[in-house]
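Asks: Pasting a structure here, questions to come.
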Amino acid sequence: MATIEVFGLSRISLERGRASAFIRNKSMLRDFNKQLIQGNVSAVEEVKNSMLEQPFADVFFAMLQQAEAPGASIVFGGDVLEALKAWNNLSIQQR
């Protein structure tokens, strides 16, 4: 039995919450990438910190994991996929 079934995570309210988190994450990723391209370091850090602390951050981490999967551009769209890759690149550079 899958974890989602064992813990009852497929309830409608939780599914709606994850869908809403996906939309918010896409919006914040677009903002992150825009600020990164413009060289606005303080805004990049502000968005980055918010994404790591926001409710449903697990949805964001799932998005990061799926960024390299086949069909990711279809699921995320080109602009969000570009932002996910920029996030990963920035994270690698800061290690």
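The values are calculated or read from the model by the stated rules, or taken from the named source; none is laboratory data. Since the model is a prediction, treat every value here as computed from it, not as a measurement. Counting neighbours? That spans all protein chains shown, and the Cβs are built from the backbone with ideal geometry, glycine included.
Asks: If you scan the range 61-95, which residues turn out to be of a type in the set (Phe, Trp, Tyr) and either outside any helix (DSSP H, G or I) or free of Cβ contacts under 8 Å to residues at least 40 places away in the same chain (or both)? Lay out the reasoning, then the answer.
Replies: Step one: filter the range 61-95 for residues of a type in the set (Phe, Trp, Tyr), giving 61, 76, 87.
Correct list: PHE61 only.
Asks: Same structure, new question: Report, by residue number, each residue of the range 1-60 that is part of a loop (DSSP other than H, G, I, E, B), modelled with pLDDT under 90 and either hydrophobic (A, V, I, L, M, F, W, C) or under 18 Å from ALA83 (Cβ atoms) (or both).
Replies: Of the residues in the range 1-60, the ones part of a loop (DSSP other than H, G, I, E, B) are 1-2, 7-11, 39-40, 54-56.
With the extra rule that they be modelled with pLDDT under 90, the set shrinks to 1-2, 7-11, 54-56.
Residues satisfying the conditions are MET1, ALA2, PHE7, LEU9, GLN54, PHE56.
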